[in-house]
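Handing you this structure, nothing more for now.
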């Protein structure tokens, strides 16, 4: 079962009377590209949290956010007064106007930088253990999302591969009479040559050249290889672990090579139309392979 690199997971719990929320989002990327938005209390633990996320998610452009919802604790104020700033404002006022009256002090308390969030920038071991627990719950929700999206991708790939296989089967009726038609056309063109030229023509050499030319137009090997690539793509989708998406991308490239060769050897408009339709389906597969982990 393949996994999608696109994912979203969220978990929350109560911490110190406030709601702790952890969110993880991811888009496709060639490697792990992790950005974090953490509350101040977790700055000292950022490296540890990054290691956990990297080991669990493996690859993708990941955004991790852990924060406390903005609601005051029930047992205390949400802000604290910076008395050093208050005293400095009062000193400057008294130097100019003397004693500071009560209404001026009320104005000073509303001045910039006087109040600040009342937060303790440290966590106990028990609180940090709770943070890691909520992170793992968010990762579990995230992985469930990846599995769901991966199943949808696998269903889409299966449908597209069936389409290419069906178009490849439609090539066969045109292929059967193609060699005989080409040989007949060459013979007719030879008859248009002068009698002298026909007399001087080495029939054995002509047969050898004709066989060589017709072998160049044979598409049996391309059909076999493309069929094998389709089968290998299906088998790889059932694999697990890192790098499945990259492997599927390589297989899709090889499928493209065989389809392009079929197109270059197709000298009938009906076959070329089938090849164009195969290319269109393959491009859709290549676009979505980028989203596979």
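Among the residues of the stretch 247-274 satisfying the criterion of being at pLDDT 90 or above and farther than 12 Å from residue 226 by Cα, which is surrounded by the fewest Cβ atoms within 10 Å (Cβ to Cβ)?
Checked the stretch 247-274; the qualifying residue surrounded by the fewest Cβ atoms within 10 Å (Cβ to Cβ) is 250.
Looking only at the stretch 114-150, filter to residues that are more than 19 Å from residue 38 (Cα to Cα) and at pLDDT below 85; which one of those is farthest from the chain's Cα centre (by Cα)?
Of everything passing the filter in the stretch 114-150, 114 is farthest from the chain's Cα centre (by Cα).
Here is a further query. Would you mind stating whether residue 282 is modelled with pLDDT of 95 or more and at negative phi?
The answer is yes for residue 282.
Residue 98: on the phi > 0 side of the Ramachandran plot, modelled with pLDDT under 85 and out of contact with any helix residue (DSSP H, G or I) (no Cβ under 6 Å at 6 or more places or on another chain), yes or no?
yes
The values are calculated or read from the model by the stated rules, or taken from the named source; none is laboratory data. These numbers come from a predicted model, not from an experiment. Neighbour counts are summed over all protein chains in view; Cβ atoms, including those assigned to glycine, are modelled from backbone coordinates with ideal geometry.
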